[in-house]
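Working notes for the structure below.
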Amino acid sequence: RKTMVVKIGSSTLVGEDRQIRRDFIADLARQAAELRNLGWNLVVVSSGAIACGAPKLGFAKKPADMPSLQACASVGQCILSAVYDEEFRAASLLTSLVLLTRHDTACRSSYLHARDALTRLVELGVVPVVNENDTTTVDEIKFGDNDTLAALVSCLVSADLCVTLSDIDGLYTANPSLDPTAQFIPRVTKIDAAIIGSAGDSTTSVGTGGMITKIRASRILMTAGIASVICSGAEENALVRLASGESVGTLFVPP
Ligand code: ADP
């Protein structure tokens, strides 16, 4: 069997109304069930805990101080996990929650523990939902963004493909929201200065990474020999189409 890791950004998971997009998670569960029939396992790396927790605690926007962010993450993670659990069970799939910190991949023995636990979950037919443990993790022990986390999780489970679902349909030669002449890049075989330069400075109000962290994550994956894709979360049936060999979004091909 093959394994796909899918990373879902906050802006894809949480709507303009600051509610979790349950319909999106339900569709993900439907695709996960179909992937299973195609011989693929799925691991989800999900952002959205803070974005989901903040309105529940009465914050009008994402708070600035660390303890409030940690409180939002703690509340939001619980609600988000419940939605994954409900929607995947409706598609006859079990999910599990795996919260990691950088410590878990920084030393060999904990790396192996994380690897063995994730591998066993996948073998048992579970769809692990992975996130950074934002409640207890402060800056110095952070992966920092889930694009990097998804790349490390892909290495842990020896993934065949890592898919990042974003608010944009792939990588362009420049940020298309600032530069109308930006051209779509369907395929990247080498991360050179031009590719890195294309990302510029890019973060949305709900996301934390921007395009540059996605490119850095793709570089980690290319080094590990793992293919990756950046495509839009709005792309219909994207995971199933990718598993069937169709090209969707920007493909980063390892050497
Ligand atoms: P997510 O929350 O899904 O992780 P981000 O908002 O962090 O997504 O990153 C995607 C955004 O990066 C795009 O919506 C776009 O505004 C910006 N961006 C900057 N440079 C580029 C580029 N070269 N190609 C595509 N998008 C870019």
Region 5-125: radius of gyration and largest Cα-Cα distance (Dmax), Å: 15.6, 45
Kirkwood hydrodynamic radius of the chain, Cα pairs, Å: 18.3 Å
Calculated FRET efficiency for the pair Ser158/Arg187, C-beta based, R₀ 25 Å, to 0.05: 0.60
Those residues of region 232-255 whose amide nitrogen sits under 17 Å from the label point placed on Asp23, 7 Å along Cα→Cβ: 233-238
Hull-based mean projected area of region 1-61, where the convex hull spans the alpha carbons, in square nanometres: 4.2 nm²
Computed Rg/Rh of region 91-197, alpha carbon atoms with Kirkwood Rh: 1.05
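No lab work stands behind these numbers, since they all come straight from the coordinates. A quick note: this is a predicted structure, and the numbers were derived from the prediction, not measured. Heads up, the Cβs are rebuilt from the backbone with ideal geometry, glycines too, and the neighbour counts pull from every protein chain shown.
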